[in-house]
1. Which count do you get for residues in segment 19-44 that are surrounded by fewer than 21 Cβ atoms within 10 Å (Cβ to Cβ), modelled with pLDDT of 95 or more and near the ligand (Cβ under 9 Å from one of its atoms)?
2. Within segment 173-194, how many residues turn out to be away from the ligand (no atom under 11 Å from the Cβ), surrounded by 14 or more Cβ atoms within 10 Å (Cβ to Cβ) and farther than 30 Å from residue 59 by Cβ?
3. Being within 17 Å of residue 181 (Cα to Cα), in contact (Cβ under 8 Å) with a residue 40 or more places away in the chain and more than 9 Å from the ligand (Cβ to nearest atom) is the filter here, so list the residues in segment 123-157 that pass it.
4. On the basis of being in contact with a helix residue (DSSP H, G or I) (Cβ under 6 Å, 6 or more places away or on another chain), assigned to a helix (DSSP H, G or I) and either surrounded by fewer than 16 Cβ atoms within 10 Å (Cβ to Cβ) or in contact (Cβ under 8 Å) with a residue 12 or more places away in the chain (or both), does residue 102 make the cut?
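The values are calculated or read from the model by the stated rules, or taken from the named source; none is laboratory data. Note that this is a predicted model, so its numbers are computed, not measured. Note that each Cβ is placed from the backbone with ideal geometry, even for glycine, and that neighbours are counted across all protein chains shown.
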Ligand code: Z5A
């Protein structure tokens, strides 16, 4: 396998089945004897997890989109320096539940923060580090909302349908621009979603050994 670890991210709007399909992805990597580390954003270190709580909690005041943007990049900086970069450097793979494509979709398109601001912070915090592969689970947000209707919802999950439609538009725009993003139809039955995800991962693994 490669000497530098690979960085794989999973994205999708709420109810798309990220948690379920992350398990599938991890099983596939395990079956290929790949040493990997599973983590998530915002979060992934004690301090970044604390920032996640601040970001997702309900507050008795308006939360500005720029505040969200700065919180996610503060958490990301901590996560990158303390966990992600050292692991990749020593050859371990990293599987991350959401990363900067989420920032473009949620804070950029859905909150209306200029893309240029997201790009500047991305350059500043990440340098040239980008995921090697991103699996995006695409789903009509109306279906996603139904799937998670019976669970308690954080501040972002309480947003209206129009917000999640904008999130989806944001992800689809990213997928058009970035060849590393594989879009998977998450409205299919779970077994079909898992098969589609597995096919993309096999293609990626084959390319590493070619
Ligand atoms: N956020 C941000 O704003 N900016 C950023 O830069 C970053 C994040 C990095 C936390 O994310 C929030 O942070 C998120 C974006 C924001 N807020 N929102 N909204 P998170 O990833 O922790 O939150 P989540 O979206 O709620 O994740 P989740 O729970 O892992 O995702 P899920 O897609 O809902 O997954 P699930 O639990 O696997 O699936 C939901 C249900 O659907 C469950 O009952 C499954 O059994 C069912 N399911 C799954 N697949 C299927 C299929 N194919 N058919 C039928 N039913 C299915």
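1. Counting residues in segment 19-44 that are surrounded by fewer than 21 Cβ atoms within 10 Å (Cβ to Cβ), modelled with pLDDT of 95 or more and near the ligand (Cβ under 9 Å from one of its atoms) gives 3.
2. Of the residues in segment 173-194, the ones away from the ligand (no atom under 11 Å from the Cβ) are 173-183.
The next check asks that each one be surrounded by 14 or more Cβ atoms within 10 Å (Cβ to Cβ); those that pass are 173-175, 178, 180-183.
Still in the running and farther than 30 Å from residue 59 by Cβ: 175, 178, 180-183.
The total comes to 6.
3. So the first thing to find is which residues in segment 123-157 are within 17 Å of residue 181 (Cα to Cα), and the list is 128-139.
Narrowing further to those that are in contact (Cβ under 8 Å) with a residue 40 or more places away in the chain: 129-139.
The answer is 129, 130, 131, 132, 133, 134, 135, 136, 138.
4. On the way: in contact with a helix residue (DSSP H, G or I) (Cβ under 6 Å, 6 or more places away or on another chain): no; assigned to a helix (DSSP H, G or I): yes; either surrounded by fewer than 16 Cβ atoms within 10 Å (Cβ to Cβ) or in contact (Cβ under 8 Å) with a residue 12 or more places away in the chain (or both): yes.
When the stated conditions are applied, residue 102 does not pass them.
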